[in-house]
Amino acid sequence: MPAMSAVPRFWSALTTTDFDRLDRERAIAVLPVAATEQHGPHLPLSVDTDLAQGIVQAAVGHLPADLPALFLPVQAVGFSPEHAAFAGTLTLKAETVIRLWTEIGECVAAAGVNKLLIFNTHGGQVGLLDVVARDLRARRSMLVVSTSWFQLPLVDASGADVSDCFGAAEHRFGVHAGAVETSMMLALAPHQVRAGELTRFDSTSQLRARHCAILGNGRSARFAWQAQDLNAAGAAGDATLASAEAGRALVDAAGRSLASLLVEMDQLPPDTVRRAGQKGTG
């Protein structure tokens, strides 16, 4: 059998015999989890999936050549009940999503890969990441890390924050299909952005911020909103601020940080995941 010419990057591109030559002690599987849901009148349902694929591709370009990171297929349908009132949205029940991601993790472990990064691009399912990660750690003794692209440092090669151009108000209130996501789509799939529909989608969260000291401070209490609660069009944020240049910078910065996170996972000591009663080296 010919030797692999390079470290593989995509789980589905391997043959079953390729796993015999994979450094499974070092290998890290990455599970990108996304969504198919409405993003206002100007963006397609595929936004979160497009972001996942675009950031993964950007990350590949920043990975060290010898790091065996394997990207699993993007999970394109997730937990999106907050968008269910809008036609086209696909959503699973929370228990279905938890079981799906967990069983994929179990398959990863069955292949002899015991490190998993769950990489999320949909804000509405952040709460499920930790549930799955903790369960796989507890039952399968896997090293599991979870993150979302918007939780990563978004800096360029010089360390400058590439998201500063949007301003504090847009970062706080532009939570769905605003300047950030529209910019990234202009970079990744400009033909999918309906320029004539770009507008400022004001959010009712701005009213709560002005009038509610606790409910509106963005930290102390969480409002279980449906998209229409924020804006009747299903979007929140100023899409007119978007630009392809900003989008390219965001995608590259997210990919850079995702690659850096994988490097850090690779460098963790072997006893990071311990059995009960086991003493560590630190």
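Derivation of every value follows stated rules applied to the coordinates shown; laboratory data play no part. What you are looking at is a predicted structure, and each value in this text was computed from that prediction instead of being measured. Quick reminder, even Gly has a Cβ in these numbers, built from the backbone with ideal geometry, and neighbours come from all protein chains shown.
Descriptive notes on the structure:
- Gain on full stretching of the segment that runs from L207 to D271 - 0.36 nm per residue minus C-alpha separation: 18.1 nm
- Over all Cα atoms in the chain, the spread is summed up by Rg and Dmax: 19.8, 68 Å.
- Computed over the alpha-carbon pairs of segment 4-52, the distance histogram in 10 Å steps reads 20, 35, 21, 18, 6 percent, short to long.
- Cα-based helix-to-principal-axis angle, 94-110 vs the chain, degrees rounded to 10: 30 degrees
- Legend: ranking of residues W101, W225 from fewest to most surrounding C-beta atoms inside 10 Å; resulting order W225, W101.
- Unit charges on C-beta of K, R, D, E only; dipole of the chain, Debye: 800 debye
- Here segment 84-100 and segment 212-282 have alpha carbon centers that stand 20 Å from each other.
- Segment 183-268 - Kirkwood radius from inverse mean 1/r over Cα pairs (Å): 15.7 Å
- Among 202-209, 262-269, 172-179, sorting by the average number of other beta carbon atoms lying within 10 angstrom of each residue, highest first, gives 172-179, 202-209, 262-269.
- Under 5 Å, built H, 5+ apart or other chain: amide partners of V155: V162
- Taking the DSSP beta bridges with both ends in the chain, the antiparallel portion is around 25 percent.
- Peptides 7-16, 186-195, 140-149 ranked from most to least packed by the mean count of surrounding Cβ atoms within 10 Å: 140-149, 186-195, 7-16.
- Only the Cβ atoms of Lys and Arg (+1) and of Asp and Glu (-1) were treated as charged; on that basis the dipole of segment 128-230 about its Cα centre amounts to roughly 500 debye.
- Taking every DSSP helix (H) stretch of at least 4 residues in the chain, weighting each as -39,500 (n - 2.57) and dividing the sum by the residue count yields a mean residue ellipticity at 222 nm of -10500 deg cm²/dmol.
- Least to most buried among K115, K93 (fewest other Cβ within 10 Å first): K93, K115
- Derived value for segment 112-194: Kirkwood hydrodynamic radius 15.2 Å. Basis is the mean of 1/r over every pair of different alpha-carbon atoms.
- In terms of other Cβ atoms within 10 Å, I214, I118, I98 run from fewest to most in the order I214, I98, I118.
- C-alpha long axis of helix 179-188 to longest principal axis of the chain, angle in °: 60 degrees
- Among H42, L230, S141 - extreme Cα towards positive end, dipole of the chain, charges at beta-carbon: S141
- Taking 0.36 nm per residue of separation and subtracting the Cα-Cα distance, full extension of the segment from R139 to V60 would add 25.4 nm.
- The charge dipole of segment 1-65, taken about its Cα centre with unit charges on the Cβ atoms of Lys, Arg (+1), Asp and Glu (-1) only, comes to about 180 debye.
- Here segment 71-131 is treated as an ellipsoid with the same Cα gyration tensor; its semi-axes, largest first and in whole Å, are 24, 11, 10.
- Between helix 244-267 and the chain: long-axis angle, C-alpha atoms, 0 to 90°, nearest 10: 30 degrees
- Here the Karplus relation 6.51 cos²θ - 1.76 cosθ + 1.60, evaluated at θ = phi - 60°, turns the backbone of segment 206-217 into coupling constants of 5, 5, 5, 4, 7, 10, 10, 5, 9, 5, x, 8 Hz, with x for every Gly and Pro.
- Long-range amide H partners of V30 with built H, under 5 Å: L70, F71, L72, L117
- Near S146, the amide H atoms lying under 5 Å from its own belong to I118; only residues 5 or more places off or on other chains count, and H is placed 1.01 Å from N.
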